[in-house]
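Participant: Below is the structure I would like to discuss, written out as structure tokens.
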Amino acid sequence: MSELLTETFVTALLFGSVTAGVPLLLAGIGEQISEKSGVLNIGLEGMMLVGAYTGFCAAYYFDSFWLGFLFGGLGGVSVAMLMVLFCVILGLNQIVIGIALTLGADGLTALLHHFQFSRTYPRLSAVEPLVIPVVGDIPYLGEVFFHRHPVVYLAVGLVFFLVWLFKRTYVGLNLQAAGDVPAALDVTGVSVRSTRTWAVLATGFLAGVGGAFLANIGAGIFVPHMIHGAGFIGIVLAMLARGHPTWVLYGAALFGVSLSLTTALQVAGFNIPTDVVQMLPFTMVIVMLILLGRNSYLPAALALPYIRGER
Amino acid sequence: MTSRYINIGRVSELARSAIRIIAPILLALVVGGLILVILGKDPIAYYWYVVKRGLLSWTGFQATLVRTAPLLFVAAGLIVAFRAGIWNLGVDGQFLLAAVLVAAVGSPLNTIIPNWAMICICFILAATIGAIWSLIPAYLKANHGVNEIITTLMMTFIGISLANVLIKIPFNDPATTVPQTVTLAVEDRLPRLFDTIIHHGVILGLLSVLFVHFLMTRTSFGLNLQVVGANPKAAVHAGLNVRFLTYVAFGLSAALAGMGGAVEILGVWGTVRADWDPAYGLLVVPLVFLARFHGIGTIAFVLFFAVLMIGGESASRRLGVPTFFVLVLVGLLLMFLAIVEYLDHRWRQRTT
């Protein structure tokens with residue numbers, strides 16, 4: 001037990017938790033935006049996968065992490081555009097389309113990766129962190145939290161930006177209305193369709209950046225099927241957060257720790273089968289749902305297409 | 001109105017349902033073909049090879065029929081769930097865990113009891129394991145109204161890892177180097193039909209889909225489940241025990257998925273290796289949708305899809321198009337299905 005609490009172990013665990021938590025955070029707040037507007041986005045996993053693929057390719061060919069994130073986001077947006085077309089404009093079943101997008105993205109990215117790299121998995125160079133002065137000098141914690149790629153700081157900043165946006169602006173109110181009483185929003189002269197469109201596109205961008213983070217910074221490589229349920233965890237986070245971006249942040253931290261435990265235990269030389277540890281985050285989701293499930297909140301008009309004049 | 005008019009109406013109705021079914025398939029194949037062209041492969045050669053290997057060669061066709069067995073059980077499970085308005089997307093976990101348990105007990109049981117009894121027990125065990133694995137999502141859905149899409153998916157992720165743990169530690173066959181369960185001897189597996197490799201599981205699969213179709217559309221029990229699925233609030237007012245029916249629908253659906261795992265092990269593999277996860281569940285979802293939860297339609301689509309899978313597997317070896325391509329086709333199929341459904345709906349609104 002004493003070995004478990006060594007400095008290296010704890011630092012590796014925390015460092016890994018942040019790395020594993022950021023994609024979940026981005027995907028979770030992304031999903032929250034679209035759920036708030038009334039679109040249940042089951043395609044989140046697919047958006048992350050495409051983001052991971054396009055983000056990795058951009059970072060690999062242009063040799064720039066920033067371009068990697070940009071293209072990752074755009075990759076997510078491209079899937080989100082399909083979601084908008086099918087679910088917001090045509091009003092088709094959001095769950096069927098979500099599954100279709102996830103399956104299709106899974107197949108397509110694996111296929112493209114196969115034709116591009118065959119069976120090789122090129123690795124990106126390590127990321128150059130932005131060290132924040134003063135707080136970065138705190139022993140251990142400074143390295144864990146403040147020696148990071150700027151995207152990490154931006155992701156956390158975004159949470160607080162969204163708190164402000166949801167509470168204090170018309171944009172936030174419109175989003176909420178589009179999810180709870182779309183007809184009321186329509187009456188006030190704001191288009192439900194465009195509100196939901198922008199919400200889903202934002203989700204796609206954030207999920208894509210999250211996927212790119214997972215590939216470029218988390219793993220350094222792209223492997224087919226690599227998202228492995230992170231998108232679905234993002235959906236759970238959004239479900240449990242009941243519309244509060246800060247709750248997504250706490251949840252992402254919690255799941256980040258449980259994901260990171262896998263690698264940290266291996267670093268510490270513990271002989272626990274990886275399969276057992278891999279179950280951990282998902283078991284955690286189920287336990288959380290059993291404990292908090294009755295409090296999960298979803299907007300009233302979630303997963304219902306809005307058709308003017310229809311009841 | 002004369003009968004002639006009615007007949008014309010029926011014919012155009014039939015033609016329309018035919019278009020509704022065929023159009024998404026054709027569109028998916030065409031767009032999939034375009035993707036192949038972009039990747040520098042000849043789509044016509046690919047599709048022709050798939051049909052040749054999956055349908056037109058005798059060995060390929062047998063392999064296709066064998067593949068339909070687990071798919072049919074999974075489809076039967078999905079029909080129950082979807083008709084009852086439940087999104088059981090966790091069939092893969094239910095399928096895999098049942099398969100592992102069946103593989104673990106099959107061979108030892110066979111030494112103490114007659115073969116037919118072992119097979120019966122394995123099917124019951126598989127159904128039970130599947131149903132147990134759906135208990136938590138069923139509880140969360142029935143008692144707390146938690147969305148089952150997420151919970152069933154999470155249970156699948158847990159189930160895949162748990163299956164690996166079971167294979168690697170308690171059920172590991174020490175005689176092999178690769179972690180796997182003890183192999184059931186070929187002569188002890190499900191009996192085969194005549195001189196083919198087709199086992200009786202295919203017939204059981206067909207029967208399970210037909211049974212489910214009958215159950216859901218021709219019995220009062222099935223009707224009750226459909227009412228719950230269509231409108232839970234109305235079901236409460238009609239005096240139905242929605243909570244109980246939710247549990248039953250989950251249990252039945254998962255039990256059928258578990259039996260799919262049993263049929264794949266008892267019929268084909270005889271053992272489960274670590275990291276084996278065919279993930280049939282999510283692939284069958286679009287087929288069941290395409291058939292609009294109809295039993296006969298589902299059987300036809302499962303056959304079509306099995307041809308695609310078996311042919312696609314040979315094509316990946318021969319033509320260098322990975323099997324991921326089949327996933328792309330499934331995704332496309334679902335999307336075009338939704339679009340065609342939408343257009344049909346719009347057209348109907350305009351004409352009436």
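Per-residue answers, yes or no, for (1) more than 14 Å from chain B (Cβ to nearest Cβ); (2) at pLDDT below 85:
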position: A:18; (1), (2): yes, no
position: A:33; (1), (2): yes, no
position: A:38; (1), (2): yes, no
position: A:56; (1), (2): yes, no
position: A:92; (1), (2): no, yes
position: A:98; (1), (2): no, no
position: A:103; (1), (2): no, no
position: A:120; (1), (2): yes, yes
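Participant: Given B:329, B:343, which one is of a type in the set (A, V, I, L, M), within 14 Å of chain A (Cβ to nearest Cβ), more than 16 Å from the chain's Cα centre (by Cα) and open to solvent by 20 Å² or more (accessible area, probe 1.4 Å)?
Facilitator: B:343
Participant: Same structure again: Does any residue in the stretch B:328-350 that is in contact (Cβ under 8 Å) with a residue 24 or more places away in the chain come within less than 8 Å, Cβ to Cβ, of a residue that is basic (Lys, Arg) six or more places away or on a different chain, and which pairs are these?
Facilitator: Once the first residue is in contact (Cβ under 8 Å) with a residue 24 or more places away in the chain and sits in the stretch B:328-350, its partners that are basic (Lys, Arg) give B:340/B:20; B:341/B:20; B:344/B:16; B:344/B:20.
Participant: Mind checking which residues of the stretch A:188-220 are at pLDDT below 85 and of a type in the set (A, V, I, L, M)?
Facilitator: Passing the criteria: only A:219.
Participant: Could you go through the stretch B:93-112 and let me know if any residue there is assigned to a loop (DSSP other than H, G, I, E, B), modelled with pLDDT under 90 and either surrounded by fewer than 24 Cβ atoms within 10 Å (Cβ to Cβ) or of a type in the set (Ser, Thr, Tyr) (or both). Write out each step before concluding.
Facilitator: Within the stretch B:93-112, the subset assigned to a loop (DSSP other than H, G, I, E, B) is none.
No, every residue in the stretch B:93-112 fails to be assigned to a loop (DSSP other than H, G, I, E, B), modelled with pLDDT under 90 and either surrounded by fewer than 24 Cβ atoms within 10 Å (Cβ to Cβ) or of a type in the set (Ser, Thr, Tyr) (or both).
Participant: Let me ask another. Quick check: anything in the stretch A:58-81 closer than 21 Å to residue A:179 by Cα and open to solvent by 30 Å² or more (accessible area, probe 1.4 Å)?
Facilitator: Yes, there is a match, as at least one residue in the stretch A:58-81 is closer than 21 Å to residue A:179 by Cα and open to solvent by 30 Å² or more (accessible area, probe 1.4 Å).
Participant: Of the numbered conditions (1) more than 7 Å from chain B (Cβ to nearest Cβ); (2) at pLDDT below 90, residue A:78 fails exactly one; give the number of that condition.
Facilitator: Result: residue A:78 fails condition (2) only.
Participant: Which pairs turn up if I take residues in the stretch B:268-281 that are within 11 Å of residue B:166 (Cα to Cα) and in contact (Cβ under 8 Å) with a residue 60 or more places away in the chain and look for partners that are of a type in the set (Lys, Arg) and open to solvent by 40 Å² or more (accessible area, probe 1.4 Å) with beta carbon separation below 9 Å, at least 6 apart in sequence or on another chain?
Facilitator: The qualifying pairs are B:274/B:168.
Participant: Take the residues of the stretch A:233-258 that are open to solvent by 60 Å² or more (accessible area, probe 1.4 Å) and in contact (Cβ under 8 Å) with a residue 12 or more places away in the chain: which is farthest from the other protein chains (Cβ to nearest Cβ)? Step through it out loud before you land on a result.
Facilitator: Keep residues of the stretch A:233-258 that are open to solvent by 60 Å² or more (accessible area, probe 1.4 Å), which gives A:242, A:244, A:247, A:250, A:254.
This time we only want the ones that are in contact (Cβ under 8 Å) with a residue 12 or more places away in the chain, so: A:242, A:244, A:254.
Working: A:242: 13, A:244: 18, A:254: 15 Å.
Across the stretch A:233-258, the extreme among qualifying residues is A:244.
Participant: Give the residue, chosen from B:267, B:261, that is modelled with pLDDT under 90 and either under 18 Å from the mean Cα position of the chain (by Cα) or under 27 Å from residue B:173 (Cβ atoms) (or both). Give the derivation first.
Facilitator: Details: B:261 fails: modelled with pLDDT under 90.
None of the other options fit; the residue is B:267.
Participant: I'm told residue A:157 meets every condition in (1) over 17 Å from the mean Cα position of the chain (by Cα); (2) within 25 Å of residue A:13 (Cα to Cα); (3) surrounded by fewer than 16 Cβ atoms within 10 Å (Cβ to Cβ) except one. Can you identify the failing condition by its number?
Facilitator: The one condition residue A:157 does not meet is (1).
Participant: Test residue A:33 against the criterion of being open to solvent by 30 Å² or more (accessible area, probe 1.4 Å) and of a type in the set (Val, Ile, Thr), and give yes or no.
Facilitator: Details: open to solvent by 30 Å² or more (accessible area, probe 1.4 Å): no; of a type in the set (Val, Ile, Thr): yes.
So residue A:33 fails the test.
Participant: Yes or no: the stretch B:192-199 includes at least one residue that is free of Cβ contacts under 8 Å to residues at least 40 places away in the same chain, assigned to a loop (DSSP other than H, G, I, E, B) and over 30 Å from residue B:79 (Cα atoms). Explain how you work it out, then say what you get.
Facilitator: Restricting attention to the stretch B:192-199, the residues satisfying the condition of being free of Cβ contacts under 8 Å to residues at least 40 places away in the same chain are B:192-195.
Then keep just the ones that are assigned to a loop (DSSP other than H, G, I, E, B); that gives B:193-195.
Among the residues that remain, those that are also over 30 Å from residue B:79 (Cα atoms) are: B:194-195.
So far as the stretch B:192-199 goes, yes, one or more of its residues are free of Cβ contacts under 8 Å to residues at least 40 places away in the same chain, assigned to a loop (DSSP other than H, G, I, E, B) and over 30 Å from residue B:79 (Cα atoms).
Participant: Does any residue of the stretch B:46-54 turn out to be within 27 Å of residue B:163 (Cβ to Cβ) and within 14 Å of another protein chain (Cβ to nearest Cβ)?
Facilitator: Looking only at the stretch B:46-54, we keep the residues that are within 27 Å of residue B:163 (Cβ to Cβ), and these are none.
Within the stretch B:46-54 (the criterion being within 27 Å of residue B:163 (Cβ to Cβ) and within 14 Å of another protein chain (Cβ to nearest Cβ)), the answer is no, since none of the residues qualifies.
Participant: So residue B:276 passes all but one of these: (1) within 24 Å of residue B:76 (Cβ to Cβ); (2) at pLDDT below 90; (3) not in a loop (DSSP other than H, G, I, E, B). Which condition number does it fail?
Facilitator: All conditions are met except number (3).
Participant: Give just the number: which of (1) in contact (Cβ under 8 Å) with a residue 24 or more places away in the chain; (2) farther than 25 Å from residue B:291 by Cα does residue B:177 not satisfy?
Facilitator: (1)
Participant: Still on this structure, please answer the following. Filter the stretch B:99-150 for residues that are of a type in the set (S, T, N, Q) and within 12 Å of another protein chain (Cβ to nearest Cβ) and give the result. Talk me through it step by step, then tell me what you get.
Facilitator: Residues of the stretch B:99-150 that are of a type in the set (S, T, N, Q), as a first pass: B:107, B:110-111, B:115, B:128, B:134, B:143, B:147.
Across the stretch B:99-150, the qualifying residues are B:143, B:147.
Participant: So for the stretch B:288-295 (the condition being without any contact (Cβ under 8 Å) to a residue 12 or more places away in the chain, over 27 Å from residue B:138 (Cβ atoms) and within 14 Å of chain A (Cβ to nearest Cβ)), does at least one residue qualify?
Facilitator: Within the stretch B:288-295 (the criterion being without any contact (Cβ under 8 Å) to a residue 12 or more places away in the chain, over 27 Å from residue B:138 (Cβ atoms) and within 14 Å of chain A (Cβ to nearest Cβ)), the answer is no, since none of the residues qualifies.
Participant: Test residue B:227 against the stated conditions and say whether it is touching a residue at least 12 places away in the same chain (Cβ under 8 Å), crowded, with 18+ Cβ neighbours inside 10 Å and under 20 Å from the mean Cα position of the chain (by Cα). If you could, list the steps in order and put the result at the bottom.
Facilitator: Values: touching a residue at least 12 places away in the same chain (Cβ under 8 Å): yes; crowded, with 18+ Cβ neighbours inside 10 Å: yes; under 20 Å from the mean Cα position of the chain (by Cα): no.
So residue B:227 fails the test.
Participant: Taking the stretch B:155-185 as the region of interest, how many residues are of a type in the set (A, V, I, L, M, F, W, C), at pLDDT below 85 and within 25 Å of the chain's Cα centre (by Cα)? Give the steps one after another, and end with the answer.
Facilitator: Of the stretch B:155-185, the ones of a type in the set (A, V, I, L, M, F, W, C) are B:155, B:157-158, B:160, B:162-163, B:165-167, B:169, B:171, B:175, B:178, B:182, B:184-185.
From what is left, the residues that are at pLDDT below 85 are B:169, B:171, B:175, B:178, B:182, B:184-185.
Right, trim to within 25 Å of the chain's Cα centre (by Cα) and you get B:184.
Counting residues in the stretch B:155-185 that are of a type in the set (A, V, I, L, M, F, W, C), at pLDDT below 85 and within 25 Å of the chain's Cα centre (by Cα) gives 1.
Participant: Need the failing condition index for residue B:321 against (1) at pLDDT below 85; (2) more than 22 Å from residue B:59 (Cα to Cα); (3) touching a Lys or Arg at 6+ places or on another chain (Cβ under 7 Å), just the number.
Facilitator: Going through the list (1) at pLDDT below 85; (2) more than 22 Å from residue B:59 (Cα to Cα); (3) touching a Lys or Arg at 6+ places or on another chain (Cβ under 7 Å), residue B:321 breaks only (2).
Participant: Within the stretch B:87-121, can you find the residues that are of a type in the set (Val, Ile, Thr) and more than 15 Å from the chain's Cα centre (by Cα)? Give the derivation first.
Facilitator: Narrowing the stretch B:87-121 to residues of a type in the set (Val, Ile, Thr): B:91, B:100, B:102, B:105, B:111-113, B:119, B:121.
Listed by number, the residues that qualify are B:100, B:102, B:105, B:111, B:112, B:113, B:119, B:121.
The values are calculated or read from the model by the stated rules, or taken from the named source; none is laboratory data. Remember, predicted model here, so these are calculated numbers, not experimental data. All Cβ positions, even for glycine, are placed from backbone atoms using ideal geometry, and neighbour counts span all protein chains on display. In case anyone asks, the SASA skips ligands and DNA or RNA and just uses the protein heavy atoms, side chains included. Shrake-Rupley method; radii C 1.70, N 1.55, O 1.52, S 1.80 Å.
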